[in-house]
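Structure first, then comments.
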Amino acid sequence: MVHRPRRLRRSAGVRNLVRETHLTAHDFVLPLFVSEKLTARKPITSMPGVFQFALAEVADESQRAFDLGLQAVLLFGIPRQKDEQASGAHAEDGIVQQAVRAIKSKCPELVVMTDVCLCEYMSHGHCGVTRIDGEHFHVLNDESVELLAKTALSHAAAGADFVAPSDMMDGRVRAIRETLDENGFDQVGIMSYAAKFASAFYGPFREAAESPPQFGDRRSYQMDTANAREALREVALDLEEGADIVLVKPALPYLDIVWRVRERFGKPTAVYCVSGEFAMVKAGVEKGCFEERAAVLEIMTSLKRAGADLIITYWAKELAAWTRP
Ligand code: PBG
């Protein structure tokens, strides 16, 4: 007798039993913006429901995230002052360093990850040290890497569990790994933004982090959307240099990259569902095009199905509630 192929979907129980991908609060990392200029939280207009927090609030917000079941946050800092050396990025009492200490003393079990980049701290808004020659500007790779390693070290000294370099300079993972090891922080991990594409979807983040480039753009150091093999080479390099988690960013337009990175390297693979992806769904919801929860769960399930072990998302708190068994 020949069996007719069947789909098992008789009931929710049966569907659940044969489902290949399950979401839990542990899949998600919540990005938090903390500003040295604020005394109370301030909404980010292009990202409904997302805030910049004051230093005094960030530990409470982190505790709330932990109580909801999340296990990690990713911190971004907005300094009071910017300059050409990104001094605020590596200052011992910089905003991120203070925030890490505050969170760790209130909620020691929460995994604290810190974005390591210079753009929020540079008066020109680029991710590294720049030199301008007439019409052209250059990002000076090695000078930038030195500042990035210094920044990562100061985050580790404040108590960060993971540093997440998002700048895309060459050799920064190795430099950070060596600096951390030499200073006794061999237990601090590196989540590298290994495949970071030059994307239109970072738009709202530049308001959130107050870091729009004042001239030029980031295409000289972020990757071309058209290149998948290059993304794999970047990931291979970062892993060789000592990355513990590799990150693909943005998320939805790059599922093929997530899939290939996870398949090829088998290392913990994270994906960043970025500000523009968030704003896009929010806009659709506002127009009545679809229901938020269904849309977001579909996106997150797709990211995980494509191979993401970790998803950085502005919906992390909602997702902790929506995925509760
Ligand atoms: C750079 C950085 C950016 C994001 C995270 N880290 C912006 C950029 O590269 O322009 C974007 C995150 C988002 O859009 O949500 N420090």
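The values are calculated or read from the model by the stated rules, or taken from the named source; none is laboratory data. Predicted, not measured: the structure shown is a model, and the values here were computed from it. A quick note on method: Cβ atoms are made from the backbone with ideal geometry, for glycine too, and the neighbour counts reach across all protein chains shown. Just so you know, the surface numbers come from the protein's heavy atoms only, side chains and all, with ligands and any DNA or RNA stripped out. Shrake-Rupley method; radii C 1.70, N 1.55, O 1.52, S 1.80 Å.
The Cβ shell under 12 Å around Arg229 holds other residues with a net charge of -1, Lys and Arg each +1, Asp and Glu each -1.
In debye, nearest 20: dipole of region 32-137 around its Cα centre with unit charges on the Cβ of K, R (+) and D, E (-)? Dipole magnitude for region 32-137 comes out near 280 debye. Treating r as the C-beta distance of Ala198 and Arg131 and R0 as 25 Å, the FRET efficiency rounds to 0.75.
Which one, Ala228, Gly242, Phe290, projects farthest toward the positive side of the charge dipole computed for the chain from Cβ point charges (K/R +1, D/E -1)? Among Ala228, Gly242, Phe290, the one farthest towards the positive end of the dipole of the chain is Phe290. The charge dipole of region 21-322, taken about the Cα centre with unit charges on the Cβ atoms of Lys, Arg (+1) and Asp, Glu (-1), comes to about 700 debye, rounded to the nearest 20. The residue among Phe28, Val100, Ile78 whose Cα reaches farthest toward the positive pole of the charge dipole of the chain, with charges on the beta-carbon of Lys, Arg, Asp and Glu, is Phe28.
When the alpha-carbon atoms of region 223-325 are used, the pair Rg, Dmax equals 14.6, 47 angstrom. Here Thr130 sits with roughly 30 square angstrom of accessible surface, probe radius 1.4 Å. Net charge of the neighbourhood of Gln71, taken over other residues with C-beta under 11 Å away and scored Lys/Arg +1, Asp/Glu -1, is -3. Applying the Kirkwood pairwise sum to the alpha-carbon positions of region 71-177 produces a hydrodynamic radius of 13.9 angstrom. FRET efficiency for the Leu140 to Arg324 pair, using the beta carbon distance and R₀ = 41 Å, is estimated at 0.30.
Accessible area ranking (1.4 Å probe, heavy atoms, ligands and nucleic acids excluded), largest first, for Leu23, Leu118: Leu23, Leu118.
For region 247-325, averaging the sequence separation of C-alpha pairs within contact (under 8 Å, six or more residues apart) and dividing by the residue count gives a relative contact order of 38 percent. Within the listed set Ile44, Ile132, Ile311, the Gaussian network model of the chain (springs between alpha-carbon atoms below 10 Å) gives the highest mean-square fluctuation for Ile132. Sorted largest first by accessible area at a 1.4 angstrom probe radius, with every protein chain in place, the residues Trp322, Trp315, Trp259 fall in the order Trp259, Trp322, Trp315. If you take the Cα centroid of region 274-325 and the Cα centroid of region 198-248, the two points sit 21 Å apart. Within the shell of other residues whose beta carbon sits under 12 angstrom from the beta carbon of Lys267, the net charge comes to -3, with Lys and Arg scored +1 and Asp and Glu -1. On a per residue basis, the chain carries 47 Å² of accessible surface, using protein heavy atoms and a 1.4 Å probe. Within the accessible area of region 21-322, the carbon and sulfur atoms contribute 49%, probe 1.4 Å, all protein chains present. DSSP assigns beta bridges within the chain; of those with both partners inside it, close to 15 percent run antiparallel.
In this simple spin-label approximation, Val18 and Arg6 carry label points 7 Å from Cα along the Cα→Cβ vector, and these lie 0.8 nm apart. Whole-Hz Karplus values for region 251-266 come out as 9, 4, x, 10, 4, 5, 5, 4, 4, 5, 5, 5, 5, 6, 9, x Hz, taken residue by residue from phi with 6.51 cos²θ - 1.76 cosθ + 1.60 and θ = phi - 60°; glycine and proline positions read x. Taking the alpha-carbon centroid of each part, what is the distance from region 86-154 to region 21-72 in angstrom? When both Cα centres are located, 19 Å separates them.
Its relative contact order, with pairs defined as Cα atoms under 8 Å and 6+ residues apart, puts the chain at 19 percent.
In terms of distances greater than 29 angstrom between alpha carbons, the cross-link table entries Lys106/Lys196; Lys106/Lys304; Lys82/Lys249; Lys42/Lys267; Lys82/Lys267 yield Lys106/Lys196; Lys106/Lys304; Lys42/Lys267; Lys82/Lys267.
Each residue of region 177-187 was assigned a 3J(HN,Hα) from its phi angle through the Karplus curve 6.51 cos²θ - 1.76 cosθ + 1.60 (θ = phi - 60°); the sequence is 4, 5, 4, 5, 4, 4, 9, x, 10, 5, 8 Hz, with glycine and proline shown as x. Counting every pair of alpha carbons in the chain, the share spaced more than 36 Å apart comes to 16 percent.
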